[in-house]
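Here the structure is laid out as structure tokens; the discussion comes afterwards.
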Amino acid sequence: MSKKIRTEAVDYLFQAILSLENKEECYTFFEDICTINELLSLSQRFEVARMLREQKTYLEIAEKTGASTATISRVNRSLNYGNDGYDMVFKRVGLAEEGNGMEE
């Protein structure tokens with residue numbers, strides 16, 4: 001029973017995000033639209049994904065990020081079987097190396 005993600009409301013949200021011009025505007029918008037915990041959860045998942053691509057162990061990741069093994073496992077599943085969204089963004093922000101793995 002998967003929910004449909006491609007809705008008009010989600011389109012509007014993504015259009016709003018795409019209109020942001022810099023990091024300060026991102027802080028302004030996301031502080032209004034998300035709770036602090038939601039934003040921290042999103043950033044934690046992104047950090048977990050980066051560390052998984054660096055071949056860090058679940059224990060190392062859990063200790064550094066505070067993420068549960070369930071969260072780490074979910075992110076790992078997305079990295080391996082998802083839509084390659086993490087890797088696309090890692091390349092664009094300069095975190096991806098040629099081939100596999102991540103830079104320090």
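The values are calculated or read from the model by the stated rules, or taken from the named source; none is laboratory data. This one's a predicted model, so the numbers in the text were calculated from it and none came from an experiment. Note: ideal-geometry Cβ built from the backbone for every residue, glycine included; neighbour counts use all protein chains shown. SASA here: full protein model, heavy atoms, side chains in, ligands and nucleic acids out. Shrake-Rupley method; radii C 1.70, N 1.55, O 1.52, S 1.80 Å.
Measuring r between the beta carbons of Thr7 and Thr69 and using R0 = 35 Å, the FRET efficiency lands at 0.65. A straight chain from Gln15 to Ser43 at 0.36 nm per residue would run longer than the Cα-Cα distance by 8.0 nm. The accessible surface of the chain, taken with every protein chain in place and a 1.4 Å probe, is 52 percent carbon and sulfur.
For the chain, modelled as a GNM whose springs connect Cα atoms under 10 angstrom apart, the maximal fluctuation among Ser78, Ser41, Ser19 occurs at Ser19.
Take the chain with all the other protein chains still there, run a 1.4 Å probe, and you get 80 Å² of accessible area per residue.
For the stretch 63-70, putting each phi into the Karplus relation 6.51 cos²θ - 1.76 cosθ + 1.60 with θ = phi - 60° gives couplings of 5, 6, 9, x, 6, 6, 5, 5 Hz, in residue order, rounded to whole numbers and with x for Gly and Pro.
Taking Cα atoms only, the orientation of helix 23-33 departs from the longest principal axis of the chain by about 70 degrees. The length gained by stretching the chain between Tyr27 and Arg92 to full extension, at 0.36 nm per residue less their Cα-Cα distance, is 21.4 nm.
Comparing mean-square fluctuations of Glu24, Glu38, Glu63 from a GNM of the chain with C-alpha springs under 10 Å, the top value falls on Glu24. Selection among Cys34, Ser73, Gln44 by position relative to the dipole of the chain gives Ser73 as farthest towards the positive end (Cβ unit charges, Cα centre).
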